[in-house]
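The values are calculated or read from the model by the stated rules, or taken from the named source; none is laboratory data. This is a predicted model, so every value here is computed, not measured. Glycine gets a Cβ as well: all are built from the backbone with ideal geometry, and neighbour counts include every protein chain shown.
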Amino acid sequence: MANYSAIKYNFNLPTGTTNESGNSLELIKTLTASSSANLTFVNGASDVVLDATYKTYLFKCINIHPATDNVAFTINFRDGGTDYDATKTTTFFDAGHSEDDSTVASLAYDTGADVAQGTGVARLSRNQGNGNDESCSGDVYLFNPSSTTFVKHFQTNFQGYDRNNIHYSGFGAGYCNVTAAIDGVQFAFSSGNIDSGTIKLYGIL
Amino acid sequence: MANYNAIRYNHDFLGQGGSLVLLSTFTSDGSDATVTFGDSIITDAYDEYLFIFNSIHPQTDGVFLTCQFNAVGAADFNETVTTTFFQSYHKENNSSTELAYSTSDDQAQGTDFIRLTATVGSDADQCASGTMRLYNPSSTTFVKHFTSEVCITQSGDSIMDLFVGGYINTTAAIDEIQFKMSGGEIQAGTIQVFGVS
């Protein structure tokens, strides 16, 4: 059946390839923190889609500000139960540069940030400061979460403001070592609330 | 000159049109020696092309996901490239980690297929996923840059995140790209191509 776009613009969108705006990057859900313990996306709840509808999902985290100083922003995954405890192995490295141009200028693997077959959270950032102008922002790609054959890969890239006035750029990757589908994703700080910030979930058609 | 894809899909919808447009999807039939996106896909319609790999599963254990390019009017996938390659790595048993440049995986003015990963495992649940970007392939002035980040599960039960960058050292336009494993077939997975407008 013809839709509004097709009628107004005399333009037939290719079935299953783009949405009505012609964009393959489709905004599914926006969550905004307000002294929130976590921000959680669950398939089928509150209009969230996190299933086989899309092959790839992208989370964009914007100006995530912690209530507590010196904490890490984290992610975890739900693999069929109600808990966010999917077994995972991750890798993580970061670059850092201090505002004074002398204390820190580094690129290194961070063994304190990775996970080896653990069920705990994976770090997205480090030593995040909670000054009024301090936050972290970044992206998380989640690949093929509905697969019941393969492990589920994810990649993360975050920019942040270390409490010691250091910019850091963190690169993480990992896989949920389960063949159960991933149907929920939860973001939280390692301690304290998410004071403010926005996370947008996109599906890539 | 605008082609069919540009006309059909690059509609601006009063300035609210798409910035990421799906051009083609390859889905493995279980026995694919190569995956080629040709000159009907890689055109001058977009300045940037995004490839997304989802759960690429090899037939053979310990092989690399690779790619090469073909210039307009040329015959083979053997363009001259210079690349960089580094990796972040962690084993499931926590016995080792690494952040390192890999001199054995890069190329210096080579024409071989370009390694986008280290060795991917072929266990039933092992695969490779990630993204690759190709910039301005239709340029006849500049070399053509590309970047990729692909994470893999290895047969030794580890996560490896691979970062590759490089340029195709030609001023000829590029209108084809081919992906394949360094040995054996692709037995599962999808590769999508998007135009970024």
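Taking the criterion of being of a type in the set (A, V, I, L, M, F, W, C) and within 20 Å of B:F142 (Cα to Cα), the residues of segment B:42-66 that qualify are B:I42, B:A45, B:L50. All conditions in (1) under 19 Å from B:L162 (Cα atoms); (2) surrounded by 17 or more Cβ atoms within 10 Å (Cβ to Cβ) hold for A:G129, with the sole exception of (1).
Across segment B:90-115, the number of residues qualifying as of a type in the set (A, V, I, L, M) and within 14 Å of chain A (Cβ to nearest Cβ) comes to 2. Filtered by the rule that a residue be surrounded by fewer than 23 Cβ atoms within 10 Å (Cβ to Cβ), under 22 Å from B:L162 (Cα atoms) and of a type in the set (S, T, Y), segment A:83-126 gives A:T87, A:S106, A:Y109, A:T111.
This table checks each residue for (1) in a strand (DSSP E or B); (2) closer than 23 Å to B:A100 by Cβ; (3) among the polar types (S, T, N, Q).
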position	(1), (2), (3)
A:D101	no, no, no
A:L107	yes, yes, no
A:V115	no, yes, no
A:R126	no, yes, no
A:E134	no, no, no
A:S137	yes, no, yes
A:V140	yes, no, no
A:S146	no, no, yes
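Of all residues in segment A:153-178, those satisfying the criterion of being surrounded by fewer than 23 Cβ atoms within 10 Å (Cβ to Cβ) and under 22 Å from B:N94 (Cβ atoms) are A:Q155, A:F171, A:N177, A:V178. Check whether at least one residue in segment B:113-128 is among the charged types (D, E, K, R), in a strand (DSSP E or B) and within 22 Å of B:I52 (Cβ to Cβ), and report yes or no. Yes. Considering only residues in segment A:165-193 that are among the aliphatic types (A, V, I, L, M) and within 14 Å of the chain's Cα centre (by Cα), the one that is nearest to the other protein chains (Cβ to nearest Cβ) turns out to be A:A173. Would you check if A:F158 is hydrophobic (A, V, I, L, M, F, W, C), over 23 Å from A:A37 (Cα atoms) and modelled with pLDDT of 95 or more? For A:F158, the condition - hydrophobic (A, V, I, L, M, F, W, C), over 23 Å from A:A37 (Cα atoms) and modelled with pLDDT of 95 or more - is not met.
Suppose we keep only residues that are under 24 Å from B:S31 (Cα atoms) and either free of Cβ contacts under 8 Å to residues at least 24 places away in the same chain or more than 12 Å from chain A (Cβ to nearest Cβ) (or both) within segment B:119-150. Which one would you say is farthest from the chain's Cα centre (by Cα)? That would be B:A124.
Looking at this structure, is B:T153 β-branched (V, I, T) and without any contact (Cβ under 8 Å) to a residue 24 or more places away in the chain? Against the criterion (β-branched (V, I, T) and without any contact (Cβ under 8 Å) to a residue 24 or more places away in the chain), B:T153 does not qualify.
Of the residues making up segment B:153-167, those that are crowded, with 23+ Cβ neighbours inside 10 Å and more than 8 Å from every other protein chain (Cβ to nearest Cβ) are B:L162, B:V164. Residues of segment B:63-89 that are in a loop (DSSP other than H, G, I, E, B) and either within 18 Å of the chain's Cα centre (by Cα) or within 12 Å of another protein chain (Cβ to nearest Cβ) (or both): B:F64, B:D76, B:F77, B:N78, B:E79, B:T80.
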